[in-house]
Amino acid sequence: MERTFAMIKPDGVRRGLTPEILSRIARKGYRVVGLKQMVIPRETAETHYGEHRERPFFGELVDFITGGPVVAIALEGENAIAGWRAMMGATNPANAAPGTIRADFATTTGENVMHGSDSPESAERELGLFFQPSELLE
Ligand code: IDP
């Protein structure tokens, strides 16, 4: 069993995609062990995307991700980290496989609806950044 951090970004929440995304998670068979809608504090966003700090799009990315509510989700399931990345599709929706969330619901790399941790290390770090231990189910 693995846990991963998934997040519906502000564009997805604004467009009313939350029920669609939660439905896909349920149909896949992942267990939701943490769930909350929140506006991300700027400092948290800068930490979360710290690896992109030197990239030209960093400011735009932090403005976007803090610009409206997100839905933070802790997922549990067999191979959930890679499995959730596969369900999201490639970062650039133009390269995302048909049937993935980004292919089905997004057109731009900047506003691509979903986040998912890319490794066990980032899953642990991101779950810790967004959830208190008491907010996660056993
Ligand atoms: P990922 O979200 O698929 O893991 P990363 O390369 O880690 O992709 O990038 C994190 C996020 O930063 C992307 O999901 C996207 O929102 C944003 N991003 C990445 N590259 C660009 C870009 O070239 N322009 C604008 N935003 C970008």
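Show that you can apply the helix-only estimate: for the chain, add -39,500 (n - 2.57) for every DSSP H stretch of four or more residues, divide by all residues, and state [θ] at 222 nm to the nearest 500. Kindly include the intermediate steps, with their values, before the conclusion.
On the way: 7 runs with 56 residues, N = 138.
Rounded to the nearest 500, the figure is -11000 deg cm²/dmol.
Dipole magnitude of the chain about its Cα centre, charges +1 at Lys/Arg Cβ and -1 at Asp/Glu Cβ only, in debye to the nearest 20? Don't jump to the answer; show the numbers that get you there.
On the way: 15 positive and 19 negative charges, 91 e Å.
For this selection, approximately 440 debye.
Suppose the chain between GLU76 and ALA97 were pulled fully straight at 0.36 nm per residue; how much longer would it get relative to their current alpha carbon spacing? Could you put the intermediate results ahead of the total?
Numbers: separation 21, 0.36 × 21 = 7.56 nm, distance 2.33 nm.
Full-extension gain reported as 5.2 nm.
Quick one: net charge around GLY77, please, counting Lys, Arg +1 and Asp, Glu -1 for every other residue with C-beta under 13 Å from its C-beta.
Working: positive: ARG3, ARG24, ARG27, LYS28, ARG31, ARG85; negative: GLU2, GLU76, GLU78.
Once all neighbours under 13 Å are counted, the net charge is +3.
Are there GluC sites (Glu not before Pro) in segment 15-85 that DSSP puts in a loop and that have at most 16 other Cβ atoms within 10 Å, and which ones? Walk me through the numbers before you get to the answer.
Numbers: sites: GLU20, GLU43, GLU46, GLU51, GLU54, GLU60, GLU76, GLU78; in loops: GLU54, GLU78.
Counting only loop positions with at most 16 other Cβ atoms within 10 Å, the GluC sites (Glu not before Pro) in segment 15-85 are GLU54, GLU78.
FYI, it's all coordinate maths here, none of it is from the lab. Just so it is clear, the structure is predicted and the values come from calculations on it, not from any experiment. Because the Cβ atoms are built from the backbone with ideal geometry, glycine has one as well, and the counts that use them run over all protein chains shown.
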